[in-house]
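Take a look at the structure set out below.
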Amino acid sequence: MSGNDFSGYCLVVGVPDPDVFLRAFREGLRETGYSEGQNIQLDILSAEGKAERASSRIGGLVRRKVDVIVGFQTPTVQAAKQATTEIPIVMDAGDPVGMGLVASFARPGGNITGMSALTAELAPKVLEFLQQIVPSFRRLGLFLNATDPFRKPFLEQNQLGVGRLGLELQASFVNGPGELKAAFETAASERVDAVMIQPSLAVERAAELALAHHLPAASLTRVFAQAGGLMSYSANYAELWREMAVYVAKILKGAKPADLPVAQPTKFELVVNLKTATALGLAIPPSILARADEVIE
């Protein structure tokens, strides 16, 4: 492997537009001395929001014997793990130990390392925020990505949060962007008070539908709040994705994924969409506004 002859790859499942990820990732590459088109080449492929396309996309890369695969979100990393045990994989995935992607954080083993986003673990905190913002919050509608194996820990953490707060839970399994509209119609008819969106779903479309159905909604990616969702709470993904580039650089210089501990985010960000809150007739508590890292007006 040579730092002057690299063919990298990023496959995005659930987020059709990977530009936000790629902007931070490319910045991280530049900080480590790699300049696209000069001493590094990136081949960017997308599953176009459909998890079933991940395997065929990755299979082509394995046949081409690329040097590193960069996987964004759990379904992508699982597909890559099934496709190769030799090509290094740098991941952004939730619960990588529980999902069987790595043996442990300290000693991942195998050919996979990278970042764990702590997505599921943040869900109970998001429910606490929602309870403070929505006075009538008693019943949660939880939208799970039926094609994402990460739905299991995400469901479990939401169940934990609901139990702590004395809420009711109505879970819906959504099979792709085309089913989101029906899921919101069902949630509205069943009188849920707020909705939680698994971030591997089409969150921008979900934000639009939540507002159309007059439902307070949250997710664990800031893209959701920026697209019109009520709020988001998540790791600082820009920092996380830049760090993924550091892993790529280390591997290109000879490090083995098995020897590189999996890292977890240290910075988290709360984003509140004040414009959406006003449209929903909600008053954001001053304590929430003071804590927010970004308030969209």
Exercise. Working carefully through the options GLU208, GLU243, GLU185, GLU190, find the one that is in contact (Cβ under 8 Å) with a residue 12 or more places away in the chain, among the acidic types (Asp, Glu) and touching a helix residue (DSSP H, G or I) at 6+ places or on another chain (Cβ under 8 Å).
Key: GLU243
Self-check item: The lone exception for ASN236 - which of (1) under 19 Å from the mean Cα position of the chain (by Cα); (2) without any contact (Cβ under 8 Å) to a residue 12 or more places away in the chain it fails
Solution: (2)
Quiz item: When you look at ALA245, is it closer than 30 Å to TYR34 by Cβ and in contact with a Phe, Trp or Tyr (Cβ under 6 Å, 6 or more places away or on another chain), yes or no?
Solution: yes
Quiz item: Residues in region 219-233: is at least one closer than 20 Å to GLY28 by Cβ and touching a residue at least 24 places away in the same chain (Cβ under 8 Å)?
Solution: yes
Quiz item: Can you tell me how many residues in region 82-108 are farther than 27 Å from VAL195 by Cα and either in contact with a His (Cβ under 6 Å, 6 or more places away or on another chain) or part of a loop (DSSP other than H, G, I, E, B) (or both)?
Solution: 15
Exercise. Write out, first by first residue and then by second, each pair whose Cβ atoms fall under 8 Å of each other, whose residues are 6+ apart or on separate chains, and whose first residue, in region 250-277, is closer than 14 Å to ALA106 by Cβ while the second is modelled with pLDDT under 95 and of a type in the set (Ser, Thr, Tyr).
Key: VAL262/SER116; ALA263/SER116; GLN264/SER116
Quiz item: at pLDDT 85 or above and either more than 15 Å from the chain's Cα centre (by Cα) or of a type in the set (Asp, Glu) (or both): does that describe SER55?
Solution: no
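The values are calculated or read from the model by the stated rules, or taken from the named source; none is laboratory data. Here the structure is a predicted model, which means the values were calculated and not measured. Quick reminder, even Gly has a Cβ in these numbers, built from the backbone with ideal geometry, and neighbours come from all protein chains shown.
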